[in-house]
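This report concerns only the one structure given below.
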Amino acid sequence: MRQDIGDDVRDSNDDDTDADVDSNLADDDGQPTVEANLMQAEAAQNTNEEVRELMLLQAAKHVKMARIQRLLYQQKVAEAVEDAKVGRTHRERRYTFVVDYGQNMELPIFNKEQPGVTYYYSPLSIYNLGIVDHAHDYGGGDIKEHLHCQVYHEGVGKKGANNVSSLIIKTLRDLNLLRNDEVGGELNIIFDNCSGQNKNNTVIKLAVWLSELGYFEKISFIFLVVGHTKNSADRLFNSMKKEYRKHNIFTFEDLVSKLERSDLVTIHQPIANDFLDYDKLLDGIYRKLSGLIKKNHIFTCDDMDDVMKLRQSNLLEH
């Protein structure tokens, strides 16, 4: 009986204490007091500081990854140029290419005058996929970058994973790098981070397919980090379009003649039969890299392994 009374007393005291605390945080009308508002504000400030700190850490990591990917790009370019200068064989060579779509062009295009009523017509869209060879031999020991640009209109093909894959294969064949009698050394292809065109299952599986066909001992598809994707193709597109911007152009033949004025540019004209359904082909051979494409930026295959190696970046911790 005494124990029960003691418990009642303690419970009663506890209730009073809680009531006292609550009363300090609310006025007579039940509204929050100044102290309660201050406590709320302090908690919100702490939360905001934690969020800010997390955002700064994420931004620092992003910049660090972007820089190391840029350094990797520069390293692969330097290796390709060195191999070309010393004349290494195909089996020993390290090749580095940059693949990127340029801004769409139009046909007809009126660059010198107002188009008149044709302004209200829909012009033909012209697509241009640039593939830069960073170790092109201009002769006499002059080794530097060169733009191979695949130019076609919307009646021939679209812009997407199948088109990118098809034009990569076409360009490598045009350059005689896919040889049945000799295995190449190392192929590096640099891309931006556009998922609809480059960074997708079809294009990445192309690296595995080329490796299994035995065209190169090592193949790496390297993606630059979002927001830091400026590359040599962007600069060479300007050289290619220098004359294009100065003239009115009405035919595809005239367009091509204006685009290939620069010695740094070679124009290729794919036809509809050049575009193959690599998506269907590769989807029937390999499984999808579900959840692995977005966070990784380096995809490597070599003839020593049956697996593709994925890395988030070239940082040591990755």
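Structural remarks
- Checking K218, K205 one by one, the residue that is touching a helix residue (DSSP H, G or I) at 6+ places or on another chain (Cβ under 9 Å), outside any strand (DSSP E or B), touching a residue at least 60 places away in the same chain (Cβ under 8 Å) and among the charged types (D, E, K, R) is K205 and no other.
- Of the residues making up the range 187-230, those that are under 16 Å from N163 (Cα atoms), small (G, A, S) and open to solvent by 40 Å² or more (accessible area, probe 1.4 Å) are S195, G196.
- Boolean, L54 is assigned to a helix (DSSP H, G or I), of a type in the set (A, V, I, L, M) and either in contact with a helix residue (DSSP H, G or I) (Cβ under 7 Å, 6 or more places away or on another chain) or without any contact (Cβ under 8 Å) to a residue 40 or more places away in the chain (or both): yes
- Checked against the criteria, E92 counts as modelled with pLDDT of 95 or more and either touching a Phe, Trp or Tyr at 6+ places or on another chain (Cβ under 6 Å) or in a loop (DSSP other than H, G, I, E, B) (or both).
- Every condition in (1) under 18 Å from V164 (Cβ atoms); (2) among the aliphatic types (A, V, I, L, M); (3) part of a loop (DSSP other than H, G, I, E, B) holds for A233 except the one numbered (3).
- The listed residue being surrounded by 13 or more Cβ atoms within 10 Å (Cβ to Cβ) and in contact with a Pro (Cβ under 9 Å, 6 or more places away or on another chain), out of L72, L107, L147: L107
- When F110, F97 are checked against the criterion of being closer than 30 Å to F252 by Cβ and modelled with pLDDT of 95 or more, a single residue qualifies: F97.
- Close Cβ contacts (under 7 Å, 6 or more residues apart or on different chains) running from residues in the range 155-176 that are under 13 Å from D279 (Cα atoms) and touching a residue at least 40 places away in the same chain (Cβ under 8 Å) to residues that are small (G, A, S) and part of a loop (DSSP other than H, G, I, E, B) comprise N163/G157.
- Only one entry in I271, I249, I267 is of a type outside the set (S, T, N, Q), in contact with a Cys (Cβ under 6 Å, 6 or more places away or on another chain) and either open to solvent by less than 60 Å² (accessible area, probe 1.4 Å) or in contact (Cβ under 8 Å) with a residue 12 or more places away in the chain (or both), namely I267.
- Candidates F237, F223 - the one that is on the phi < 0 side of the Ramachandran plot, modelled with pLDDT under 95 and more than 14 Å from the chain's Cα centre (by Cα): F237
The values are calculated or read from the model by the stated rules, or taken from the named source; none is laboratory data. Since we're looking at a predicted model, the values are computed, not measured. So basically every Cβ, Gly included, is an ideal-geometry build from the backbone, and we count neighbours across all protein chains shown. Remember, those area values only see protein heavy atoms, side chains included, never the ligands or the DNA or RNA. Shrake-Rupley method; radii C 1.70, N 1.55, O 1.52, S 1.80 Å.
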